[in-house]
Amino acid sequence: MARAFLVVMDSVGIGGAPDADQYFNGDVPDTGANTVGHIARDRGLAVPTLAGLGLGAALHAATGMDDPFDVPVTGTWGVATETSRGKDTPSGHWELAGLPVDWDWHYFTAREGSFDADLCALVARAAGTDGILGNRHAPGTAIIDALGAEHLRTGWPICYTSVDSVFQIAAHEEAFGHDRLIDLCAQIAPALHRMRVGRVIARPFVGDAQSGFTRTPRRRDFALMPPRPVLSNWVQDAGRATFAVGKIGDIFSMQGFDEVRNGTDAELMSHLGDLVDSAPDGSLTFANFVEFDSLYGHRRDVAGYGAALEWFDAALAPILARLRDGDVMILTADHGNDPTWIGTDHTRERVPVLVAGRGPGTLGQIGFADVASFVADHLGVDVPQAVKGA
C-alpha cells in the first residue's frame, strides 16, 4: 500500500504571490520578494536534489525568472498559492493540510509596550514573579542578549512578540527551569488562544553574561487548535498510522498523530530517514524543517540561508533513494522569508510543490489545500466535501 511523506521546508518561497502588494515589511509591500530566486541570484545555490525535482521550473513558473540550476528535471512539480489571510506558520501549515484560515489572527502591533497590563499581570502570576521583562517586538537572539543578565538577576521571564501572531517567552533552562517554562506557557496559552493569538512559544536558553547566551533546541509551541479536521485526522480516521517530525506536532496541537519526533535538524533528518525505512504501508509522515526563517530569514542572512538549504538538499538525497515503489515524498513550504528583503517579517510568496516518486510531470498552478487533496488521493483516503469544494 502507498505511503506519503509531506515535508515542509519552512519559509522556502519562490515569489510571485498575486496579492503580495497587500502584505508589508514596514511600509514596503512584498511585491517582488523571492526567497529562493534572490538567494540564487546573490549568493549562488547548489541544490541538485531539489532542482532535479523541479525547483527551478517552479521558480520560473511562479515569477518568470530563468531557472538558475540547469539540472534535468525528473520529478513532478507545481506552484502553490495561499488563500489564507496570514503569511505565518500556522496559516501556511493548516492550509497545506486542507484547512484555509479565513479569519484574522490577533497581532500585537505596538513595537514597545506590546502587551497590556492585564496580560502582563496574567503572565507574572503564572510565573510566580513580580513582573515580566521585554514587552516589545524583538528578534529572539537579540532580546536574550539584551535581557539575559537581568533575567538571571530578577528571575522574571522575558516576553516578546513580532509581526506574527505570537507570544514568546524566553527563560534560562537552568536558572528558571525548562519544565517551569513549559508549564508557564501551557498555563497562559488558553487565554492567548481566546484572543486568536496563533502560538505561545517557549524559548529556552543557556549561558551567562560573560560567555554569552544561546537558545537551545528544546523550544515548545502551543498553537491554537485547528477548528476542523485536517489531513492527518483524515488519514488517522481511515485507520492509518500518522507520524509528525519536528514542530508539526506543536503546530497542530499534538492532534492527529500517533507519534511525534523532535530534535535538532540533523536528528530530524535522521527521523525522516528512519520513517522512510520503517513506516508502515498506507501511513502519512508530516515533517517540518529546517528553521530557515528563524535562523536566517528573519536575520536577513543570505549566506546562512543558502548554506542551510544546501545542507538540507545534500542530506535529503540518500533518503529519497530509499523510497519504496508506490511512495511519494512531497516537498513544499508554508510561506516565504526572503533574506534579501527589507525588514524582518515573512514575505508573501508562492511556494514550490516538488514530488518524488511520480516521475517527471507537472501539477501546474494549484492551491495550498490542493496539496492535502493530492496526499489523500495518493493514500486512498476520503477528502471532506468541504475541502473539495473550496
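In nm, give the distance between the simple-model label positions of residue 1 and residue 237, each being 7 Å from the Cα along the Cα-to-Cβ direction.
About 1.7 nm separates the two model spin labels.
Under the 0.36 nm per residue contour assumption, what length would be gained going from the current alpha-carbon distance of residue 129 and residue 153 to full extension?
Value of the extension gain: 7.4 nm.
Determine the gain in length on full extension of the stretch residue 111-residue 28; use 0.36 nm per residue of separation and subtract their C-alpha separation, reporting nm with one decimal.
Value of the extension gain: 28.2 nm.
Summing Lys, Arg as +1 and Asp, Glu as -1, what charge do residues with Cβ under 13 Å from the Cβ of residue 107 carry, residue 107 excluded?
Spelling it out: positives minus negatives among the neighbours equals +1.
Hey, can you grab everything whose amide H is under 5 Å from the amide H of residue 203? Only 5+ residues off in sequence or another chain; H modelled, so Pro and N-termini drop out.
Residues meeting the amide H criterion: 169, 170, 171.
Mind checking segment 285-390 for trypsin sites (Lys or Arg not before Pro) that DSSP puts in a loop (not H, G, I, E or B) and that have at most 12 other Cβ atoms within 10 Å?
Sites meeting the loop and neighbour criteria: 322, 324.
Suppose a student asked you for the relative contact order of the chain, using Cα pairs under 8 Å spaced at least 6 residues apart; what percent would you report?
31 percent.
Just want to confirm a number: the relative contact order over segment 153-254, from Cα pairs under 8 angstrom separated by 6+ residues, in percent.
21
Give me the net charge for the shell around residue 320: Cβ to Cβ below 14 angstrom, other residues only, Lys and Arg +1, Asp and Glu -1.
0
Rounded to the nearest 500, what is the chain's calculated 222 nm mean residue ellipticity when only DSSP H runs of at least 4 contribute -39500 (n - 2.57) each, over all residues?
Calculated mean residue ellipticity at 222 nm is -10000 deg cm²/dmol.
What is the local net charge at residue 43, summed over the other residues whose Cβ is closer than 11 Å to its Cβ (Lys, Arg +1; Asp, Glu -1)?
With Lys, Arg at +1 and Asp, Glu at -1, the neighbours total -2.
Rule-based calculations on the coordinates, nothing more; no lab input. Because the structure is predicted, anything quoted here is derived from the model rather than measured. Reconstructed Cβ throughout: ideal geometry from the backbone, glycine too, with neighbour counts over all protein chains shown.
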